[in-house]
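> The structure is given below, and queries will be raised subsequently.
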Ligand SMILES: [Zn+2]
């Protein structure tokens, strides 16, 4: 009786060892791939000029409160709160205070309801952001198109991402900034990691793309619970945005 039980235990132990061996390698590769994908999403969204250019850009971010006002709230009163909440949702993740103003002239962040769109592209929502010589952002602008019935809620979260310092789109990533996952209408877990990485104290405005890419990768590794070995392997050689992605 005892011997049988012992044999069963041994067999069970063998299966456990087998399972660990076979599960171990893919898990290691998977954890590194997850970190590499997140790091690439950061590079593509925050550290390149635009979707069509891998031209490296330094870190740009807000360092002071956003003073938010609406230029023409009466043009679309039903969208005022939705738009305000979009900006505030992101600002909470970034740790940036949002102060509501009624006077657009005193604000550094203005939301317009604009049914004509910019550049003659009716139906578009758009965003703009300005930074000074130290790469500190000091002004933001959203143009929300009230005629965009099908996904105006996506506009009100996608566009403020641009004004926070994510000026490009990581199309391959599970992000509200992706055009591939265009049904995404709220922040994904990855989006929150990206925002908290850009707004980590160690990420200073003006940091060049290559060191910023390595630092972002290390912060993302911490956030994702990656091992020190994975962080070293994935992050050490990063150079920033890569052409052709
Ligand atoms: Zn966009």
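> Mind checking which residues of segment 177-191 are within 12 Å of the ligand (Cβ to nearest atom), in contact with a helix residue (DSSP H, G or I) (Cβ under 8 Å, 6 or more places away or on another chain) and within 17 Å of residue 47 (Cα to Cα)?
Within segment 177-191, 177 is the sole residue that qualifies.
> Is it the case that residue 111 is in contact (Cβ under 8 Å) with a residue 40 or more places away in the chain, within 18 Å of the chain's Cα centre (by Cα) and surrounded by 12 or more Cβ atoms within 10 Å (Cβ to Cβ)?
Answer is no for this residue.
> Could you please let me know if residue 211 is under 23 Å from residue 113 (Cβ atoms), in a helix (DSSP H, G or I) and at pLDDT 95 or above?
So residue 211 fails the test.
> Out of 45, 83, I need the residue that is buried (at least 18 other Cβ atoms within 10 Å of the Cβ), modelled with pLDDT of 95 or more and assigned by TED's automatic domain parsing to the domain that holds residue 241. Which one?
Going through 45, 83 in turn, the sole match is 45.
For every residue, the table says whether it meets (1) buried (at least 22 other Cβ atoms within 10 Å of the Cβ); (2) over 22 Å from residue 111 (Cα atoms); (3) touching a strand residue (DSSP E or B) at 6+ places or on another chain (Cβ under 7 Å).
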site	(1), (2), (3)
156	yes, no, yes
162	no, no, yes
170	yes, yes, no
183	no, yes, no
188	no, yes, no
206	no, yes, no
217	yes, yes, no
233	no, yes, no
237	no, yes, no
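> Go through (1) in contact with a helix residue (DSSP H, G or I) (Cβ under 7 Å, 6 or more places away or on another chain); (2) assigned by TED's automatic domain parsing to the domain that holds residue 131 one by one and return the number of the condition residue 65 breaks.
(1)
> I've got another one for you. For residue 16, are the conditions met, namely being more than 30 Å from residue 216 (Cβ to Cβ) and modelled with pLDDT under 95?
yes
> May I ask you to verify whether residue 201 is away from the ligand (no atom under 14 Å from the Cβ), assigned by TED's automatic domain parsing to the domain that holds residue 45 and either part of a loop (DSSP other than H, G, I, E, B) or in contact (Cβ under 8 Å) with a residue 60 or more places away in the chain (or both)?
yes
> Here is a further query. Would a scan of segment 23-30 turn up a residue that is part of a helix (DSSP H, G or I), at pLDDT below 95 and either under 22 Å from residue 192 (Cβ atoms) or under 19 Å from the mean Cα position of the chain (by Cα) (or both)?
Within segment 23-30 (the criterion being part of a helix (DSSP H, G or I), at pLDDT below 95 and either under 22 Å from residue 192 (Cβ atoms) or under 19 Å from the mean Cα position of the chain (by Cα) (or both)), the answer is yes, since at least one residue qualifies.
> Restricting attention to segment 75-97, does a residue exist that is more than 22 Å from residue 188 (Cβ to Cβ), within 16 Å of the ligand (Cβ to nearest atom) and within 23 Å of the chain's Cα centre (by Cα)?
No, that holds for no residue.
> Among the candidates 134, 128, single out the residue that is within 14 Å of residue 61 (Cα to Cα), in contact (Cβ under 8 Å) with a residue 60 or more places away in the chain and over 11 Å from the mean Cα position of the chain (by Cα).
134
> Among the residues of segment 162-175, which ones are within 20 Å of residue 53 (Cα to Cα) and assigned to a loop (DSSP other than H, G, I, E, B)?
Listed by number, the residues that qualify are 164, 165, 166, 167, 168, 169, 170, 171, 172, 173, 175.
The values are calculated or read from the model by the stated rules, or taken from the named source; none is laboratory data. Just so you know, these numbers come straight off a predicted model, no measurement behind them. Here the Cβ is made from the backbone with ideal geometry for all residues, glycine too, and neighbour counts use every protein chain on show.
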